[in-house]
Amino acid sequence: MHVPTQDLRAQLRGVEADVRAAIDRVLASGRFVLGPEVQAFEREAAAWSGALHAVGLSSGTDAILAGLMALGVGPGDVVVTTPFTFVASVTAIARLGARVAFVDIDPATFLLDSGKLEAAITPRTRAIMPVHLFGLMADMPRVHDIARAHDLAVLEDAAQAIGARLHDTPIGRGSKGATLSFFPTKNLGAMGDAGMLLTDDSEFAARVRLLRSQGQEPRYVCQAVGGNFRLDELQAAVLRAKLPRLEEWTDARRRVAGLYRSLVSARGIDPLRFQLAHEPASARHVYHQLVARTPSRDALCAHLAERSVETAIYYPVPLHLQPAFASWGYQPGDFPEAERAARETLALPIYPELADDAVAYVVDQIAAFFA
Ligand SMILES: *Cc1c(COP(=O)(O)O)cnc(C)c1O
């Protein structure tokens, strides 16, 4: 049996008619940038997520960049975040000439360790950027307490966490905003690049809208240095066709993850530890990825590859050790948990349409490896 890490074609089969109708609508309209589809998608995404405002943007990366620009982050400022995330969380900060202060991760959740957060804050700190990695929300109550005490903005990188909740609170609540990515492999994927910023702050939303279209208001009068961060009509129309299915897809991901967890535990595969070994009822993990750790990660991945089970490594190099950020002067050993996670974690196949017998096959192969 061949088990891929994801299967976007399987998902498309379930929505193909709606997607084709959406694309036809855009072709017929002759509007391709910031038209009625974007407006409608923004309304529908805001209603779906419970945010007051949703601003459609060109990618998850640009959503972070536009959000930080709207916060006024610039040279001399410091943004606190995790070293164990996709590089886009941090390049946006670097592009604005700001510095990053990393905080090591909690080895059980792979997320920014909120117990170490306060020690990283200095008078230059402007913002905190928690990342809800793999679909699990960071410890937002604690992050918000610390942000309030130090008068800092919080911008959540929720690229992997659309639909996630913690203590019944969805992404973005209580923060300045949350950014989403609709890269095709994300839980809600476009057919190209797309992103969004969710916020309950009307002024902040207006600022992001201004910046996404070259800071022009009215057209050809430039009020602020922005960029081209616009979402196009085709992507918005595709996303509108898929949004009504997201809840069902998320439930399917959670069911697949639950099956993996129960099979791994029934087989007594102790050396394999999932992100959040015991999923508390207070967290709704949306399983963008199902990630586990084991000290014999590389050998396990090779064993699975030989048996046609694809795995992926998110992420093999923690951000403080990336060549692009060498000038920041971080050294191996600075964030030992992030470094250990980079060595020990692997992502198992997970997607809404993944069949139970495929999950059982993967777990059989894992059990054989550890036997
Ligand atoms: C995907 C992703 C991004 C960037 O989104 P793009 O749409 O690819 O630009 C940022 N942060 C995280 C954590 C991501 O997973």
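Residue pairs whose Cβ atoms lie under 7 Å apart, separated by 6 or more positions or on different chains, with the first residue in the stretch 148-162 and within 16 Å of the ligand (Cβ to nearest atom) and the second of a type in the set (D, E, K, R), are 154/176; 155/176; 159/186; 160/186.
Taken over the stretch 258-289, residues that are surrounded by 23 or more Cβ atoms within 10 Å (Cβ to Cβ) and either among the aromatic types (Phe, Trp, Tyr) or in a helix (DSSP H, G or I) (or both) amount to 2. With respect to the conditions (1) touching a residue at least 24 places away in the same chain (Cβ under 8 Å); (2) away from the ligand (no atom under 16 Å from the Cβ); (3) within 17 Å of residue 206 (Cα to Cα), residue 43 lacks only one, and its number is (1). Residue pairs whose Cβ atoms lie under 6 Å apart, sitting 6 or more positions apart in sequence or on different chains, and linking a residue in the stretch 57-76 that is assigned by TED's automatic domain parsing to the domain that holds residue 204 and part of a loop (DSSP other than H, G, I, E, B) to a partner that is among the small types (Gly, Ala, Ser) and near the ligand (Cβ under 7 Å from one of its atoms), are 59/195.
One line per residue, one yes/no per condition, for (1) within 30 Å of residue 20 (Cβ to Cβ); (2) open to solvent by less than 20 Å² (accessible area, probe 1.4 Å):
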position: 224; (1), (2): no, yes
position: 228; (1), (2): yes, no
position: 232; (1), (2): yes, no
position: 241; (1), (2): yes, yes
position: 245; (1), (2): yes, no
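Each row is one residue, and each column tells you yes or no for (1) touching an Asp or Glu at 6+ places or on another chain (Cβ under 9 Å); (2) assigned by TED's automatic domain parsing to the domain that holds residue 59; (3) open to solvent by less than 10 Å² (accessible area, probe 1.4 Å).
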{"site": "153", "(1), (2), (3)": "no, yes, no"}
{"site": "161", "(1), (2), (3)": "no, yes, yes"}
{"site": "168", "(1), (2), (3)": "no, yes, no"}
{"site": "186", "(1), (2), (3)": "no, yes, no"}
{"site": "195", "(1), (2), (3)": "yes, yes, yes"}
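Residue-level check: of (1) away from the ligand (no atom under 16 Å from the Cβ); (2) of a type in the set (Ser, Thr, Tyr); (3) open to solvent by 10 Å² or more (accessible area, probe 1.4 Å), residue 181 misses just (1). Away from the ligand (no atom under 14 Å from the Cβ) and under 25 Å from residue 250 (Cα atoms) - does that describe any residue in the stretch 109-125? Yes - at least one qualifying residue is present in the stretch 109-125.
In the stretch 14-37, the residues that are assigned to a helix (DSSP H, G or I) form Cβ pairs under 8 Å with partners that are hydroxyl-bearing (Ser, Thr, Tyr), at six or more places apart or across chains, as follows: 36/29; 37/29. Listed by first and then second residue, the pairs with beta-carbon distance under 8 Å, at least 6 apart or on different chains, first residue in the stretch 208-220 and under 11 Å from residue 67 (Cα atoms), second among the acidic types (Asp, Glu) and open to solvent by 20 Å² or more (accessible area, probe 1.4 Å), are 212/62.
Taken together, 82, 91, 5 contain a single residue that is in contact (Cβ under 8 Å) with a residue 40 or more places away in the chain, β-branched (Val, Ile, Thr) and crowded, with 21+ Cβ neighbours inside 10 Å, which is 82.
The values are calculated or read from the model by the stated rules, or taken from the named source; none is laboratory data. Please read these numbers as outputs of a predicted model, since none were measured by experiment. A quick note on method: Cβ atoms are made from the backbone with ideal geometry, for glycine too, and the neighbour counts reach across all protein chains shown. Calculation scope for accessible area: heavy atoms of the full protein, side chains included, ligands and nucleic acids excluded. Shrake-Rupley method; radii C 1.70, N 1.55, O 1.52, S 1.80 Å.
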